Amino acid sequence: MTSESIPVISPAEAKAKLDTGEATAIDVRMAYDWAGDRIRGSINLPNLAIQFRTPEVPQDKELVFYGRNTERASRAAEKAIELGFKTVCVIDGGFDAWLDAGMPSESISGTA
């Protein structure tokens, strides 16, 4: 699967998947960005860290990747497919689009 074939979904679609528990958010930004503000409950796997931290990632859920932009998240989603994860997608426009759409976020200190 190439990045062209990785599904790209809107922030609203991503929120719906996350709210039902059918998906897990994977934040590919650097740890300091994730600590500052992130999608509630997301796992921080900067860049391609998924290849080294696979046991931390649920195998039974869709993985919703996001970053600062769609490009880096798409590369991480491609790597997840290579590692055997079955269902992945990317948030169109990344975390900025998530916030611009008025979706909730949290930080280390609590809800943003």
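The values are calculated or read from the model by the stated rules, or taken from the named source; none is laboratory data. From a predicted model like this one, the values you see are computed outputs, not experimental measurements. Don't worry about glycine lacking a Cβ; one is built from the backbone with ideal geometry, like all the others, and counts go over all protein chains shown.
Residues that are acidic (D, E) and modelled with pLDDT of 95 or more were ranked within region 1-36; the one that is farthest from A101 (Cα to Cα) is E22. Cβ-Cβ contacts under 7 Å between residues 6 or more apart (or on different chains), taken from a first residue in region 78-92 that is within 19 Å of A14 (Cβ to Cβ) and in contact (Cβ under 8 Å) with a residue 60 or more places away in the chain to a second residue that is hydroxyl-bearing (S, T, Y) and surrounded by fewer than 17 Cβ atoms within 10 Å (Cβ to Cβ), are listed as E78/T2; E78/S3; D92/S10.
Does A80 fit the bill of being in contact with a helix residue (DSSP H, G or I) (Cβ under 9 Å, 6 or more places away or on another chain) and over 22 Å from I108 (Cβ atoms)? So A80 passes the test. A residue that is among the polar types (S, T, N, Q) and modelled with pLDDT under 95 occurs nowhere in region 76-90.
Within region 41-71, the set of residues being of a type in the set (S, T, Y) and either touching a strand residue (DSSP E or B) at 6+ places or on another chain (Cβ under 7 Å) or at pLDDT 95 or above (or both) comprises S42, Y66, T70.
Across region 6-17, the qualifying residues are those that are assigned to a helix (DSSP H, G or I) and within 12 Å of the chain's Cα centre (by Cα), and the one among them that is farthest from I91 (Cα to Cα) is K17.
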